[in-house]
Amino acid sequence: MRGFRSFVGDIIRKPPFLFPWVALFHIVLLGYTIWLYSSEPLWSAGWLQPLWLLAYTICWIFICDLRKWAAYGYIFLTSVDLLLYFFIPDPGERELYGSVLFLVNVVFCFFVLFFFRRFGQE
């Protein structure tokens, strides 16, 4: 079992150059969204955006460790997000229940799929 310092070193050195920058983008955006929705009541629908970003961020951090399950998870989250986008007709509800960054996440999925052969079996 490796330590936290080793894990952080691996997610910086192991993946392709772009992946740690995307992880940093996710972490900064997660912090910003938590700060933005901090005035909302904790279990309100407004906290769905930070939950989406938390799920994307966790998956992307482990994508930087080149884990296949994280790649599958990120692609699954993006697929669910796209389904919500196409099947919820009201734009207000679409913004409430789906991730605001769904198009950016689709682009990130293409990066994941392009480098998928480098991912380990773990």
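The values are calculated or read from the model by the stated rules, or taken from the named source; none is laboratory data. What you see is a predicted model, and the numbers here were worked out from it, not measured in a lab. Positions of Cβ are generated from backbone atoms using ideal geometry, with glycine treated the same way; all protein chains shown enter the neighbour counts. For the accessible areas, the whole protein counts, side chains as well, though only heavy atoms, and no ligand, DNA or RNA atoms are used. Shrake-Rupley method; radii C 1.70, N 1.55, O 1.52, S 1.80 Å.
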Item to check | Condition met for Phe87 (at pLDDT 90 or above and farther than 28 Å from Ile11 by Cα) | outcome: yes
Item to check | Among the candidates Phe87, Phe110, residue that is under 15 Å from the mean Cα position of the chain (by Cα) and not aliphatic (A, V, I, L, M) | outcome: Phe110
Next on the checklist: Report every pair of residues separated by at least 6 positions or lying on different chains whose Cβ atoms are under 9 Å apart, first residue within the stretch 15-27 and over 13 Å from Ala71 (Cβ atoms), second assigned to a loop (DSSP other than H, G, I, E, B) and not aromatic (Phe, Trp, Tyr).
Outcome noted: Ala23/Pro15
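Within the stretch 68-80, is even one residue hydrophobic (A, V, I, L, M, F, W, C), buried (at least 16 other Cβ atoms within 10 Å of the Cβ) and under 26 Å from Met1 (Cβ atoms)?
yes
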Item to check | Filter pass, Arg67 being under 28 Å from Phe119 (Cα atoms) and either touching a His at 6+ places or on another chain (Cβ under 8 Å) or modelled with pLDDT under 95 (or both) | outcome: yes
Item to check | Tally of residues being among the hydrophobic types (A, V, I, L, M, F, W, C) and closer than 16 Å to Ile63 by Cβ across the stretch 78-117 | outcome: 13
Checklist entry - Which residues, taken from the stretch 1-58, are open to solvent by 30 Å² or more (accessible area, probe 1.4 Å) and among the hydroxyl-bearing types (Ser, Thr, Tyr)? => result Ser6, Tyr32, Tyr37, Ser38, Ser39, Ser44
Checklist outcome for this item: For the stretch 38-49, pairs from a residue that is within 14 Å of Tyr97 (Cα to Cα) to a residue that is polar (S, T, N, Q) and in a helix (DSSP H, G or I), with Cβ under 9 Å and 6 or more apart or across chains, are Gln49/Thr33
Next on the checklist: If Leu96 meets every condition in (1) open to solvent by 70 Å² or more (accessible area, probe 1.4 Å); (2) over 19 Å from Leu18 (Cβ atoms); (3) touching a residue at least 40 places away in the same chain (Cβ under 8 Å) apart from one, which number is that one?
Outcome noted: (1)
Checklist entry - Taking the stretch 110-122 on its own, how many of its residues are surrounded by fewer than 18 Cβ atoms within 10 Å (Cβ to Cβ) and in a helix (DSSP H, G or I)? => result 7
Item to check | Unmet requirement for Asp65, which otherwise passes all of (1) under 17 Å from the mean Cα position of the chain (by Cα); (2) open to solvent by 30 Å² or more (accessible area, probe 1.4 Å); (3) among the acidic types (Asp, Glu) | outcome: (2)
